[in-house]
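Laboratory data are not the source of any read-out in this text; all were calculated from the coordinates shown. This structure is a prediction, so every number in the text was calculated from the model and none was measured. Backbone-built Cβ (ideal geometry, glycine too); neighbour counts: all protein chains shown.
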Amino acid sequence: MSGPGGGSDEQADGVGAPSAEDRGGAPPRPSRSQRRRRRTEEAPAPTAPGDTAPDDTALGDTAPVDIVAGSGAPAPPRRAEVAAPAGGPDADGLTSETIVRRRVDRPTDGWRGLLFTATGGRLNPGVGPAEHARREQVRRIRRPLGSAHQIAVSSINGGVGKTTVAACVGLVLAENRGDRIVAVDANPNAGTLADRLTGDASMTVREMVGQIETLRSLADVARYTSLAGRLQVLASEQDPAMSAAFERDEYERVCTVLRRFYDVVITDSGSGLVHSAIAGTLALADNLVVVGSPTADGASRVTKTLDWLTVRGHADRVADAVLVLTCDRAGKHVDTARVRRHFENRCRAVVEVPYDPHLATGARIELDRIRPATHDAFRALAAHLADRFDATPVGVGADLVRHRVEALPPAG
Ligand SMILES: Nc1ncnc2c1ncn2[C@@H]1O[C@H](COP(=O)(O)OP(=O)(O)OP(=O)(O)O)[C@@H](O)[C@H]1O
Ligand SMILES: [Mg+2]
């Protein structure tokens, strides 16, 4: 397929390709000025003011011709008088739009991708609706971020999939974005985030807090994190007695430092809402993810979580929260769609994460081992979160962060 502006003799002349005459070949072609003169003689003259030139003048090869006074002969066109093509600085119309061939939109998913690949691109059924939707989600996930953004993942009850959600959404954000993303285990009860992502909990948030005043650069902070792909992971203290002693103030200090060096900070908040560390991460969050399950008892716990937050002055957060329903235990006896509709009236969005055998192992998570539908669900969640990336933070937490970040010495 030839792209715009590809391939004609006229254009080859226009870019100064050597002519047969120049190369000494035969038969001699009429010279460029001869051709131009001939064309000018053949061209119908404008009959009235405002008449436009024929379309091919846009190439600049048949510019308006002066008649040399007294001679009746056309004067050679002056370069400065050649009309520049609209929208391009180059008088010959050589812009990337006119000379670079457009790339075919290649399908990669399903039968469309198979057909395209098998026929070497000769048969292109086009990109299907599912692939379009996925590309649109990725476009949303890549939304630019003005300032550091904190996401809290929480629930009132344990074992509903908070750590799994925090880990997977962190991996999806990190795989699609170019900025720095860190996932922090803020679970006061020896959390499992590092186990699920890197298996490395040799350095924890407790060690980091001990040295927090000395952290001046990204390299200083990165000594306390481990890496899962492009996602940085900060483990929680693994001794339950020590980790339970962590208080709100300590997590606020950790989050404040992380926001200086990372663009997105994801906190796995642990279960419950009243522990001061969890209350701290909730207060600091720009984006809230509530995790629950679509069972009778699970739905009532989600309702309790949302009510608890609402009565404590976080009604705006509840309305803007994304609810994740982990469907690992929901059987066909549960009307998941009904649960979903109910919570769609209370929150910004509801995402259902299906049962996934790889996630059910409880072992280290590898994104390329989860099912496509599960990957889609986490991509949808990441896109909803990224929709808020350029929003101005609201609430008490945002003010607190602003104060603290402004009070810190400049990053070294
Ligand atoms: N979509 C899923 N499909 C299958 N299993 C899942 C799914 N999501 C989570 N699980 C499994 O459920 C168990 C509990 O998940 P997870 O540890 O994420 O919950 P949690 O809310 O963080 O628990 P805790 O409150 O103890 O921190 C884990 O073994 C996990 O692998
Ligand atoms: Mg957990």
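At-a-glance table
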read-out	value
Normalised contact order of the stretch 145-407, rounded percent, pairs of Cα under 8 Å and 6 or more residues apart	26 percent
Highest-first arrangement of 372-378, 216-222, where packing means the average Cβ count within 10 Å	372-378, 216-222
Built amide H within the under 5 Å cut-off of V351, gap 5+	L323, V324, L325
Sorted by Cβ density within 10 Å, fewest first, the residues R103, R317, R142	R103, R142, R317
Residues W308, W111, sorted so that the one with the fewest Cβ neighbours within 10 Å comes first	W111, W308
Phi to ³J(HN,Hα) by Karplus 6.51 cos²θ - 1.76 cosθ + 1.60 over the stretch 113-125, Hz, x for Gly, Pro	x, 4, 4, 4, 5, 5, 9, x, x, 5, 9, 10, x
Packing-based exposure ordering (other Cβ within 10 Å, fewest first) of E252, E366	E366, E252
